Amino acid sequence: MLVTQQPVFRRFWYPVMPRQRLAEGPQTFELLGESLVLWLDQQGQPAAVRDRCCHRTAKLSLGRVDQGRICCPYHGWEFDPSGACVRVPQLKADAAIPAHYRVAAYRCTERYGYVWVCLEDPLLDVPQIDEAEDPNYRLIQEFYEPWQCAGLRVMENELDLAHPTFVHTETFGSEDHPTPDKLEITETDWGIHVYGTLGVVNPELQQQNLKMAEAQTLRTLEMDWLMPFTIKLKITYPNGLVHIVVNTMTPISDGCSQMVQFCVRNDTEVDTPAAAVIAFDRAVTLEDKHILESTDDDVPLSLSQEEHMFTDRPGIMIRKKVAALLKTQGEAALQTH
């Protein structure tokens, strides 16, 4: 399955950019092969339209923002957040601007410090992360970077409790625990919930982060896959510390995804500096990235095209639910091999 070949993926919300970047001026981003320009309107709200002027196709992102409108750098045409052209400097002041002078506009909102975009009528709202709005937790922005892999591969990887022993050899993988002690899966309307426990090692940096001196510990994991490319991974440690990783793989193209990750924790900066939390999670993500960028972009939804084992059950459920989604939309999963 290739994401750009399945129109239904245009009907979900994706985080495309940290909101703070829009304070610097217009920004460009490619979402599902669609080139966008993003900026802040006159009320300070994010806006997104196609990054091509309807006049001579110049990139609007090369222009500037004037009174909340994006100005084309080629001939100065100005467009409002709805995509309508509201000023053509070459026309007389009292001349009407033709209604067809417009560019495609997209739904755009802000959540968790990011600008989210949906290209077409959304099937769902932006994923709800309750702890991110709970005053007993703090939100730490972690990573925003392109990965050369399919988002579906990352979703499966996040729920795969057999890979840490072999992939996370420098961070938390334990040779004594190649499989989880528990693995329970519950299907939801728009995703799955996975409960598991896994023994892991506890290296020095993590001992400091967790305030646990033991060389090994047990992770209790509550993992939610939220269709199509968001994972909420809630890790609870024996001392009561909760570390929640929220990861969305925003699809840029078939073979490239923007990795957007933040974490939410029930401790404070005094307890554990954010920089230390990020440093450990950085090491973990780089171990995953190294392997995942070696995988095929075209993820088969047919189970006969790859082999499986019992710890692949969450990934198999994901593939089945994506296949069912495509069916409800009258789409077939297009494969290149």
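The values are calculated or read from the model by the stated rules, or taken from the named source; none is laboratory data. These numbers come from a predicted model, not from an experiment. So basically every Cβ, Gly included, is an ideal-geometry build from the backbone, and we count neighbours across all protein chains shown.
Which residue, of Leu326, Leu334, is out of contact with any Phe, Trp or Tyr (no Cβ under 7 Å at 6 or more places or on another chain), farther than 17 Å from Cys149 by Cβ and at pLDDT below 95?
Residue meeting the stated conditions: Leu334.
So Pro203 clears everything in (1) modelled with pLDDT under 95; (2) crowded, with 17+ Cβ neighbours inside 10 Å except one condition, right? Which one?
For Pro203, the failing item is (2).
Quick check on segment 23-59: of everything there that is more than 23 Å from the chain's Cα centre (by Cα), closer than 20 Å to Arg102 by Cβ and among the polar types (S, T, N, Q), which residue is surrounded by the most Cβ atoms within 10 Å (Cβ to Cβ)?
Result: Gln42.
Filter segment 60-76 down to the residues that are in a loop (DSSP other than H, G, I, E, B) and more than 29 Å from the chain's Cα centre (by Cα), then identify the one that is surrounded by the fewest Cβ atoms within 10 Å (Cβ to Cβ).
Gln67
Val154: crowded, with 21+ Cβ neighbours inside 10 Å, of a type in the set (Val, Ile, Thr), assigned by TED's automatic domain parsing to the domain that holds Glu222 and under 27 Å from Asp267 (Cα atoms), yes or no?
Considered against the rule, which asks whether it is crowded, with 21+ Cβ neighbours inside 10 Å, of a type in the set (Val, Ile, Thr), assigned by TED's automatic domain parsing to the domain that holds Glu222 and under 27 Å from Asp267 (Cα atoms), Val154 comes out as no.
Evaluate the following for Arg282: is it assigned by TED's automatic domain parsing to the domain that holds Glu156, surrounded by fewer than 18 Cβ atoms within 10 Å (Cβ to Cβ) and among the basic types (Lys, Arg)?
Here the answer is yes, as Arg282 does meet what is asked.
Which residue is nearest to Trp13 (Cα to Cα), if the candidates are limited to segment 235-277 and must be out of contact with any Phe, Trp or Tyr (no Cβ under 9 Å at 6 or more places or on another chain) and among the small types (Gly, Ala, Ser)?
In this case the residue turns out to be Ser253.
Consider segment 256-273. How many of its residues are surrounded by 17 or more Cβ atoms within 10 Å (Cβ to Cβ), in a loop (DSSP other than H, G, I, E, B) and of a type outside the set (Asp, Glu)?
The total comes to 1.
Which residues, counting only those in segment 194-242, are in contact with a strand residue (DSSP E or B) (Cβ under 8 Å, 6 or more places away or on another chain), among the small types (Gly, Ala, Ser) and over 18 Å from Thr179 (Cβ atoms)?
The one that is in contact with a strand residue (DSSP E or B) (Cβ under 8 Å, 6 or more places away or on another chain), among the small types (Gly, Ala, Ser) and over 18 Å from Thr179 (Cβ atoms): Ala215.
Please go through segment 285-310 and give me each residue that is more than 15 Å from Ala162 (Cα to Cα) and β-branched (Val, Ile, Thr), ordered by number.
If the condition is that a residue be more than 15 Å from Ala162 (Cα to Cα) and β-branched (Val, Ile, Thr), then Thr285, Thr295, Val299 are the ones that fit.
Here is a yes/no grid of residues against (1) closer than 30 Å to Phe262 by Cβ; (2) of a type in the set (Gly, Ala, Ser); (3) assigned to a strand (DSSP E or B); (4) at pLDDT below 95:
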position	(1), (2), (3), (4)
Gln90	no, no, no, yes
Ala93	no, yes, no, yes
Ala96	no, yes, no, yes
Arg107	yes, no, yes, no
Trp116	yes, no, yes, no
Glu120	yes, no, no, no
Leu123	yes, no, no, no
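I need a count of the residues in segment 111-143 that are surrounded by fewer than 17 Cβ atoms within 10 Å (Cβ to Cβ) and farther than 19 Å from Met227 by Cα.
So the count comes out to 6.
Could you grab me the full set of residues in segment 247-269 that are of a type outside the set (Gly, Ala, Ser) and closer than 20 Å to Glu293 by Cα?
Residues satisfying the conditions are Asn247, Thr248, Met249, Thr250, Pro251, Ile252, Asp254, Cys256, Gln258, Met259, Val260, Gln261.
How many residues does segment 161-197 contain that are of a type in the set (D, E, K, R), in a loop (DSSP other than H, G, I, E, B) and within 23 Å of the chain's Cα centre (by Cα)?
Looking only at that region, the number is 1.
When you check Val246 against the structure, is it in the same structural domain as His163 (by TED's automatic domain parsing) and assigned to a loop (DSSP other than H, G, I, E, B), yes or no?
no
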